[in-house]
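Remarks on the structure that follows.
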Amino acid sequence: MGLSDLFLPERLPRQVVYAADRHAEIVTLQNGRIAARRREEGMALAEGSPDAWEKVVARLRPEETGVVFSAAPFVYNFFEFDRLPWKTKALRELVTWRLQKIFPEDIAAYDHRFFQLDKKRVFSILAPLALTEAVERCFRAHGVPLIFIGNSTVEVLARLQAAKPAPDFFIESDRDGCTMVFHNRRSPIYIRKFRSGSGADSVEEIGKTVTFVRNNYGVDPRRYWLVDHQDEGASAAMEARLEASGLSRLRAGLGEAPHIPGSS
């Protein structure tokens with residue numbers, strides 16, 4: 001199956017497994033709302049741990065299920081061209097050619113998807129095939145229908161499209177990593193992933209990234225969403241530090257679990 005086209009499910013799953021840095025979350029959906037959530041600590045799902053996946057999938061109900069990975073295993077790139085061909089095959093060849101010029105590894109080992117953002121820009125995403133294929137095997141072995149494999153970053157971006165007001169950027173924060181996504185007129189323009197250290201170190205890196213985007217992309221990012229997969233204490237501490245640096249947190253439009261497809 002690989003990654004679903006555009007990372008959006010053709011139909012919404014009844015339950016979703018969120019594969020975070022060091023934990024898993026099993027979410028049950030009912031009528032577009034979260035009916036139940038269960039967090040499992042110490043699960044290195046994003047690293048493809050067979051034992052961790054066995055434990056999680058064994059606890060699922062045998063109904064249509066989706067998997068949403070954190071940003072950790074993905075590689076993001078933006079490409080800009082003078083113009084883009086309108087034929088799909090020619091476009092894919094052009095994007096692959098550009099990717100091969102900058103990516104040091106074998107592209108054949110990855111599931112490569114891309115989104116055309118406008119007449120010149122493309123958003124490229126790579127996911128390790130070994131990871132997605134291992135997940136599919138585990139679900140088949142347990143008889144659980146897997147209908148969707150997605151990505152939390154894209155899920156939050158999709159949520160942002162309808163948000164009023166929309167933030168200037170959003171932050172996904174977990175124990176081991178932090179991802180920042182900036183946009184202009186609701187179209188992503190810059191993504192940065194970095195390893196998390198202490199809360200103060202993460203805030204310092206966030207400030208440096210905001211300054212870089214402000215100086216290079218013609219936007220003035222000040223309002224942000226924070227999607228923190230740790231706890232309320234860590235979220236509040238980061239919010240306080242960012243407020244001291246002149247950044248304002250928005251909550252409107254974010255929802256309870258913006259990384260879960262179909263949840264409100």
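I need a count of the residues in region 86-117 that are surrounded by 13 or more Cβ atoms within 10 Å (Cβ to Cβ) and assigned to a loop (DSSP other than H, G, I, E, B).
Of the residues in region 86-117, 2 are surrounded by 13 or more Cβ atoms within 10 Å (Cβ to Cβ) and assigned to a loop (DSSP other than H, G, I, E, B).
Can you say whether R59 is part of a loop (DSSP other than H, G, I, E, B), at pLDDT below 95 and either over 30 Å from S263 (Cβ atoms) or touching a His at 6+ places or on another chain (Cβ under 9 Å) (or both), as far as the supplied structure shows?
Details: part of a loop (DSSP other than H, G, I, E, B): yes; at pLDDT below 95: yes; either over 30 Å from S263 (Cβ atoms) or touching a His at 6+ places or on another chain (Cβ under 9 Å) (or both): no.
No.
Please list, ordered by first then second residue, the pairs with beta carbon atoms under 6 Å, 6 or more apart or interchain, first in region 37-49 and surrounded by fewer than 16 Cβ atoms within 10 Å (Cβ to Cβ), second modelled with pLDDT of 90 or more.
That search, which allows pairs on different chains as well, returns R37/V27; R38/I26; R39/E25.
Being in contact (Cβ under 8 Å) with a residue 12 or more places away in the chain and not in a helix (DSSP H, G or I) is true for just one of A134, A130, A163. Which residue is that?
Numbers: A134 fails: not in a helix (DSSP H, G or I); A130 fails: not in a helix (DSSP H, G or I).
Within the list A134, A130, A163, the selection yields A163.
Quick check, is A237 touching a Gly at 6+ places or on another chain (Cβ under 6 Å), part of a loop (DSSP other than H, G, I, E, B) and not β-branched (V, I, T)? Talk me through it step by step, then tell me what you get.
Working: touching a Gly at 6+ places or on another chain (Cβ under 6 Å): yes; part of a loop (DSSP other than H, G, I, E, B): no; not β-branched (V, I, T): yes.
The answer is no for A237.
Scan region 12-42 for residues that are part of a loop (DSSP other than H, G, I, E, B) and closer than 21 Å to P62 by Cα and jot them down. Working first, answer last.
Step one: filter region 12-42 for residues part of a loop (DSSP other than H, G, I, E, B), giving 12-14, 20-22, 31-32, 42.
Result: L12, P13, R14, N31, G32.
Name the single residue, out of those in region 166-196 being in a strand (DSSP E or B) and of a type in the set (A, V, I, L, M), that is farthest from H112 (Cα to Cα). Before you say what the answer is, go through the steps one by one.
Within region 166-196, the subset in a strand (DSSP E or B) is 169-173, 177-184, 187-195.
Filter again for of a type in the set (A, V, I, L, M), leaving 171, 180-181, 189, 191.
Details: I171: 24, M180: 21, V181: 20, I189: 19, I191: 17 Å.
By that ranking, first place goes to I171.
Among the numbered criteria (1) within 20 Å of I260 (Cβ to Cβ); (2) touching a residue at least 40 places away in the same chain (Cβ under 8 Å), which single criterion is violated by V181?
Answer for V181: the failing condition is (2).
Looking at A24, A72, A20, A58 in this structure, which one is buried (at least 16 other Cβ atoms within 10 Å of the Cβ), in contact (Cβ under 8 Å) with a residue 24 or more places away in the chain, within 24 Å of A130 (Cβ to Cβ) and out of contact with any strand residue (DSSP E or B) (no Cβ under 8 Å at 6 or more places or on another chain)? Spell out the reasoning first.
Numbers: A24 fails: out of contact with any strand residue (DSSP E or B) (no Cβ under 8 Å at 6 or more places or on another chain); A72 fails: out of contact with any strand residue (DSSP E or B) (no Cβ under 8 Å at 6 or more places or on another chain); A58 fails: buried (at least 16 other Cβ atoms within 10 Å of the Cβ).
Every option except A20 fails the conditions.
Can you tell me which residue is farthest from K120 (Cα to Cα) among those in region 161-202 that are of a type in the set (A, V, I, L, M) and modelled with pLDDT of 90 or more?
Step one: of region 161-202, the residues of a type in the set (A, V, I, L, M) are 162-163, 166, 171, 180-181, 189, 191, 200.
Next cut, modelled with pLDDT of 90 or more only: 166, 171, 180-181, 189, 191.
Details: A166: 24, I171: 26, M180: 23, V181: 19, I189: 12, I191: 18 Å.
Filtering first and then ranking leaves I171.
Looking at (1) touching a helix residue (DSSP H, G or I) at 6+ places or on another chain (Cβ under 6 Å); (2) more than 22 Å from R121 (Cβ to Cβ), find the lone condition where E243 falls short.
The one condition E243 does not meet is (1).
Of the numbered conditions (1) within 21 Å of the chain's Cα centre (by Cα); (2) of a type outside the set (A, V, I, L, M); (3) more than 30 Å from Q116 (Cα to Cα), E243 fails exactly one; give the number of that condition.
Exception for E243: condition (1).
Do we have any residue at all in region 244-256 that's in a helix (DSSP H, G or I), within 20 Å of R38 (Cα to Cα), free of Cβ contacts under 8 Å to residues at least 24 places away in the same chain and assigned by TED's automatic domain parsing to the domain that holds R185? Give the steps one after another, and end with the answer.
Step one: of region 244-256, the residues in a helix (DSSP H, G or I) are 244.
Now restrict to residues that are within 20 Å of R38 (Cα to Cα): none.
No, that holds for no residue.
Quick check on my filter: what residues within region 77-100 are more than 25 Å from T132 (Cβ to Cβ) and charged (D, E, K, R)?
Our first condition is that a residue be more than 25 Å from T132 (Cβ to Cβ); within region 77-100, this holds for 80-87, 90.
Of everything in region 77-100, those that are more than 25 Å from T132 (Cβ to Cβ) and charged (D, E, K, R) turn out to be E80, D82, R83, K87.
Inspect region 140-158 for any residue being within 27 Å of W86 (Cα to Cα), surrounded by fewer than 16 Cβ atoms within 10 Å (Cβ to Cβ) and among the hydrophobic types (A, V, I, L, M, F, W, C) and give the result as yes or no.
yes
Conditions first: (1) touching a helix residue (DSSP H, G or I) at 6+ places or on another chain (Cβ under 8 Å); (2) within 24 Å of R185 (Cα to Cα); (3) not small (G, A, S). L99 passes all but one, so which condition is the exception?
Of the numbered conditions (1) touching a helix residue (DSSP H, G or I) at 6+ places or on another chain (Cβ under 8 Å); (2) within 24 Å of R185 (Cα to Cα); (3) not small (G, A, S), the odd one out for L99 is (2).
The values are calculated or read from the model by the stated rules, or taken from the named source; none is laboratory data. Since the structure is predicted, the reported quantities are computational estimates derived from the model, not experimental observations. A quick note on method: Cβ atoms are made from the backbone with ideal geometry, for glycine too, and the neighbour counts reach across all protein chains shown.
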